[in-house]
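Right, one structure below, let's go through it.
The values are calculated or read from the model by the stated rules, or taken from the named source; none is laboratory data. Since this is a predicted model, take the numbers as computed values, not measurements. A quick note on method: Cβ atoms are made from the backbone with ideal geometry, for glycine too, and the neighbour counts reach across all protein chains shown.
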Amino acid sequence: MSPLLRVEELHKRYGSEQVLRGVSFGLEKGETKVIIGPSGTGKSTLLRCINRLTPPDRGRVWLEDVEITHAKAQINRLRAQIGFVFQSFNLFSHLTALGNVRIAPMRVLGLTKEQATRLARAELRRVGLGEKEDAFPAELSGGQQQRVSIARALAMGPKLILFDEPTSALDPELIGEVLEVMVSLAREGMTMLVVTHEMGFARSVADEILFMEHGVIVEQGTPRQMFTQPQHARTGEFLHKISELYGEAAS
Amino acid sequence: MLENLIEVARHGPKLLRAGAINVSLLFALIAVGFLVGTVIAVVQVYGGRPLRAAARGFEWLFRSIPAAVLMMIFLYGPPRIGVGKIDPFLAATLALGLRSAAYQSQIFRGAIQAIPTGQMLAARSMGMGRLRAVASVILPQAFRLSVPGWSNEFSSVIKDTTLAYLVGLNEIMRQAKTVYDGVHMRLAMPTLIFVALCFLVATYAGNYLLGVVERQFRIPGLQMPGSGRTMEHSH
Amino acid sequence: MTFDPAWLPRLAHGLQVTLSVVAASIAIGFGIGILLAIGRVYAPRPIRWLCAAYIQFFRGTPLLVQLMIVYFGLPTWGITLSAFSSAILAFGLNTAAYQAEYFRGAIQAVRGGQMMAARSVGMSFRQAVVLIVLPQALRIVIPSWSNELILMLKYSSIAFAITLLDLMGQAKRIAGREFMYFEIYLVVAAYYLALVFIVSQLLRLLERRVAIPGLGAPGESR
């Protein structure tokens, strides 16, 4: 069986800076993979290249048997099948929580307003925010905003969700509620690709961890392998440093 | 078309001489606007209650009544109330100058209020009187902060000098009309395009000169918070 | 001071003309202004330059000149318009340039992540602009747009120069017939004061009605 997502030899350069230098990996249906690595090593760029929010210079990406990177790919239809959760939430500022979750099913999938509303309410309940449907983004805490943005991704019935450091912009006390939602999604069998520094999450949920540095995947393996016997010195150093930085939460 | 252009070119010097009247008017308006505007702004921030109310009323009147109406009032008002006849240049200077004062005072007031209160306290602590402190410490800073807003006002006033046409001043628009009036209507387009180009050049030149002045007086660290977003009031 | 009630019907008629001209030109300016702003922000280079040139010309030259070009100049090219149409056309094209600059500022004030998030859920570029960026930009722009509308209202009073019988035109006519210059212009001033006051209150009401928490003009400093 071919993987749900296949990434082959992705390259991306910004000006003179080579951000991605040939990244390849696959993601099976129902798998959760976590990408870790120092900041500025192309993790976010990689996620954006996957659904072409940033066009890659070279390399290919397949969603099942459709090539996303193909010039004639129907990119909007493909993006509709790939959820994206941003570090800075990016909720639509002029829409309520309900409006944020409802708009794409209505305008992109063509659901009626009633259908989309029912769906959106269900997704908001799923992330524990059924009560907040009338709140505008500015009226929600960061953690609540990020949960709405997860509901927004879920409402599209995506084949997989890409998470770009979903908890990095949050105050420490708000991180837990977002991770909780992500953990339960993983347990329900959602396919997820997560860039994060939350080692606790990586350790308990990830099927595989990819360590990235300088635009390449240095090492990948199960959490157990990565944490106990990393093959590369850099992986061990990074994991050591990050668990010092993040203290208990990381261990 | 070509012969029309040549014919208009013949009138070029005459038009430019009339343009000199626009330039004189510009300086008059800016001078009146700057002086009165500064006083109004200072009164609005530091004045007592009745003075403040009067300054606010002035601002409101001169910003709400259209320039054309103001000019008519200043042209026909003085003879009617027995002050005597007033020539169009003076009427336009007063009407448009005081109107510019209302806009400039708003710019200066914003700048004065943006200056930290510590500046006033420091000046007073060294024994300066209130007025002395305003003149020596507050205004020199406020004028620098006002540059972006004031540049917009300047561009506005350049264009507004044409409004004096409406009270019959013999400025560039009226001269232009004498070129194309009556039997020479076919000259209207080239003449008016010529006038429009004059204004484009004048606006560019004015902004360039202001840029030079601004650089001359610039002081590091002294800038309006979130500057560069002021509004024009003129078309 | 003498005030003749016989003036009222004529001034009322003039007022109607003033309001029609302003409403029509603001509407024209709104449509063209949005297109120009989108062109300046999103269009490829040659179109962006054209939009910028349009805006430069109309903001760099006096409105009175533009009005004269339409009324006296266009006939040179075989296009003759009534004073009413000329005023609407000239004011509309002019305010389009100013509105475009305000729209552009507002569009640029909408955070970049909004566009990216819209595209990430599969919206087309057009959908993202229409459904996500413009609804926010239009709310942000209301204060400066209100200012523009009121300016247009006041500037429309120059159209008597091309014989339009708006509020000002009627006043000039009455003044000329009855030698009541000063009085009539004071009355007209009062009309404009009232008009400006009412319109600005209405616009403030609009602003409050469509307000959304957290969505205001950034760094409100006017």
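Structure notes:
- Residues (surrounded by 22 or more Cβ atoms within 10 Å (Cβ to Cβ) and more than 10 Å from chain B (Cβ to nearest Cβ)) located in segment C:68-89: C:SER86, C:ALA87, C:ILE88
- Selection from segment A:160-175 of residues that are crowded, with 17+ Cβ neighbours inside 10 Å and among the charged types (D, E, K, R): A:ASP164, A:GLU165
- Residue match in segment B:83-100 (condition: more than 20 Å from B:GLY168 (Cβ to Cβ), surrounded by fewer than 17 Cβ atoms within 10 Å (Cβ to Cβ), more than 10 Å from every other protein chain (Cβ to nearest Cβ) and at pLDDT below 90): no
- Condition broken by C:ILE142, with the remaining ones in (1) assigned to a helix (DSSP H, G or I); (2) more than 22 Å from C:ILE212 (Cα to Cα); (3) in contact (Cβ under 8 Å) with a residue 40 or more places away in the chain; (4) more than 8 Å from chain B (Cβ to nearest Cβ) satisfied: (2)
- A:GLU123 meets all of the listed conditions (1) at pLDDT 95 or above; (2) at positive phi but one, namely (2).
- Cβ pairs under 6 Å, 6+ apart, first in segment A:83-104 and facing chain C (nearest Cβ under 7 Å), second part of a helix (DSSP H, G or I) and polar (S, T, N, Q): A:PHE84/C:SER120; A:PHE92/A:ASN100; A:SER93/C:GLN136; A:HIS94/C:GLN136
- Criterion: more than 10 Å from every other protein chain (Cβ to nearest Cβ), at negative phi and surrounded by fewer than 22 Cβ atoms within 10 Å (Cβ to Cβ) - qualifying residue of B:ASN170, B:ASN207: B:ASN170
- Within segment C:171-191, the set of residues being within 22 Å of the chain's Cα centre (by Cα) and surrounded by 23 or more Cβ atoms within 10 Å (Cβ to Cβ) comprises C:VAL188 only.
- Candidates A:GLU188, A:GLU173, A:GLU177, A:GLU139, filtered to the one that is away from every other protein chain (no Cβ under 14 Å) and either closer than 29 Å to A:THR112 by Cβ or touching a Cys at 6+ places or on another chain (Cβ under 6 Å) (or both): A:GLU188
- Picking from residues in segment A:43-79 that are aliphatic (A, V, I, L, M) and in a loop (DSSP other than H, G, I, E, B), the one that is farthest from A:LEU154 (Cα to Cα) is A:ALA71.
- Selection status of A:PHE201, surrounded by 21 or more Cβ atoms within 10 Å (Cβ to Cβ) and over 23 Å from A:ILE150 (Cα atoms): no
- All positions within segment B:116-156 that are in contact with a Phe, Trp or Tyr (Cβ under 7 Å, 6 or more places away or on another chain) and assigned to a loop (DSSP other than H, G, I, E, B): B:SER146
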